[in-house]
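Asks: First, the structure itself, so that you have it in front of you.
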Amino acid sequence: MKFELIKVEETQKSVLRQMLELYEYEFSEFNENDINEYGFYGYRYFDHYWTDPERHAFFIKINGKYAGFVMVNNFCYVLKEKARSLAEFFVMRKYRRLGIGRSVASKIFDMFPGKWEVLQHGRNDLSKLFWNNVIENYTNNEYMVRTVITEEWKGQALIFNNTNKPR
């Protein structure tokens with residue numbers, strides 16, 4: 001199935017915000033977050049994706065329809081030098097298990113050569129399985145797994161460098 005990655009323009013913030021709510025709803029199973037008094041989960045650094053040049057947001061579209069989003073930044077828990085982080089990655093249920101996620105991830109990694117850190121929540125076994133498989137294949141098994149413990153959650157980070165990967 002063919003997909004498009006489209007940079008989210010500031011005029012499209014409301015669409016991304018709505019999709020983030022769907023994502024946060026699904027993720028609440030793992031982080032146990034609740035909605036706020038206005039009925040939203042919210043996203044703390046949302047507006048920074050249009051003011052910080054190191055943050056990038058993309059829609060995933062299939063046949064012109066919204067199918068998910070990807071958010072990239074440079075905030076890393078393990079890597080302290082210049083690196084990229086896959087901050088958020090969401091494929092809507094309708095489009096899962098079709099190879100879209102794997103293809104989108106590879107395209108995003110190719111767009112930003114360098115060191116990468118991809119986190120998975122410790123309780124999200126499907127995410128760990130997916131990302132271990134994707135990154136193992138993308139890097140030809142040249143990656144590291146590190147434990148990450150923050151004030152809010154425990155999980156793992158997959159670390160790799162695609163600077164010299166042929167494109």
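The values are calculated or read from the model by the stated rules, or taken from the named source; none is laboratory data. This one's a predicted model, so the numbers in the text were calculated from it and none came from an experiment. A quick note on method: Cβ atoms are made from the backbone with ideal geometry, for glycine too, and the neighbour counts reach across all protein chains shown. Ligands, DNA and RNA are excluded from the accessible area calculation, which covers all protein heavy atoms including side chains. Shrake-Rupley method; radii C 1.70, N 1.55, O 1.52, S 1.80 Å.
Asks: Ignoring ligands, DNA and RNA, what percent of the accessible area of the chain is carbon or sulfur (1.4 Å)?
Replies: Carbon and sulfur: 48 percent of the exposed surface of the chain.
Asks: In nm, what is the difference between 0.36 nm times the number of residues separating SER106 and ASN164 and their Cα-Cα distance?
Replies: Taking SER106 through ASN164 to full extension adds about 19.4 nm, to one decimal.
Asks: Turning to a different aspect of this structure: Rounded to the nearest Å, what's the spacing between the alpha carbon centres of segment 1-21 and segment 82-118? Just the number, please.
Replies: So the two Cα centres are separated by 14 Å.
Asks: Next question, about the same structure. Have a look at LYS13, LYS128, LYS80 and tell me which one the Gaussian network model of the chain (Cα, springs below 10 Å) gives the largest fluctuation.
Replies: Judging by the Gaussian network model, the answer is LYS80.
Asks: Now for a separate question. Taking each pair of different alpha-carbon atoms in the chain once, compute 1/r for the pair, average those values, and report the inverse of that mean as the Kirkwood hydrodynamic radius in Å to one decimal.
Replies: For the chain, the Kirkwood estimate is 16.6 Å.
Asks: To continue, here is another question. Can you show me the helix-derived [θ] at 222 nm for the chain, built from DSSP H runs with n ≥ 4 at -39,500 (n - 2.57) apiece and divided by the number of residues, rounded to the nearest 500.
Replies: Mean residue ellipticity at 222 nm (helix-derived): -9000 deg cm²/dmol.
Asks: Could you please report the charge total around TYR38, scoring K, R as +1 and D, E as -1 over all other residues with beta-carbon less than 13 angstrom from its beta-carbon?
Replies: Every neighbour counted, the sum reads -2.
Asks: Moving on. For segment 132-142, just list the computed ³J(HN,Hα) in residue order, Karplus coefficients 6.51, -1.76 and 1.60, θ = phi - 60°, integers in Hz, with x standing in for Gly and Pro.
Replies: Per residue, the Karplus-derived 3J(HN,Hα) values read 4, 5, 4, 6, 4, 5, 5, 9, 6, 6, 10 Hz.
Asks: For the chain, modelled as a Gaussian network with Cα springs under 10 Å, which listed residue fluctuates most, GLY155, GLY101, GLY39?
Replies: Sorting by GNM fluctuation, first place goes to GLY39.
Asks: Please give the net charge around LEU20, taking every other residue with its beta carbon less than 13 angstrom from that of LEU20, where Lys and Arg add +1 and Asp and Glu add -1.
Replies: With Lys, Arg at +1 and Asp, Glu at -1, the net is -2.
Asks: Something else: 5 Å is the cut-off here: which amide hydrogens, built 1.01 Å from N in the peptide plane, fall below it relative to ASN74, excluding neighbours closer than 5 in sequence?
Replies: Here SER85 satisfy the definition.
Asks: Oh, and also: How much net charge surrounds LYS65 when only other residues with a Cβ under 14 Å from its Cβ are counted (Lys, Arg +1; Asp, Glu -1)?
Replies: +3
Asks: Okay, next question. Run the paramagnetic zone check for ILE149: 7 angstrom along Cα to Cβ, then residues of segment 113-132 with backbone nitrogen under 19 Å.
Replies: Residues passing the 19 Å test: 119-124.
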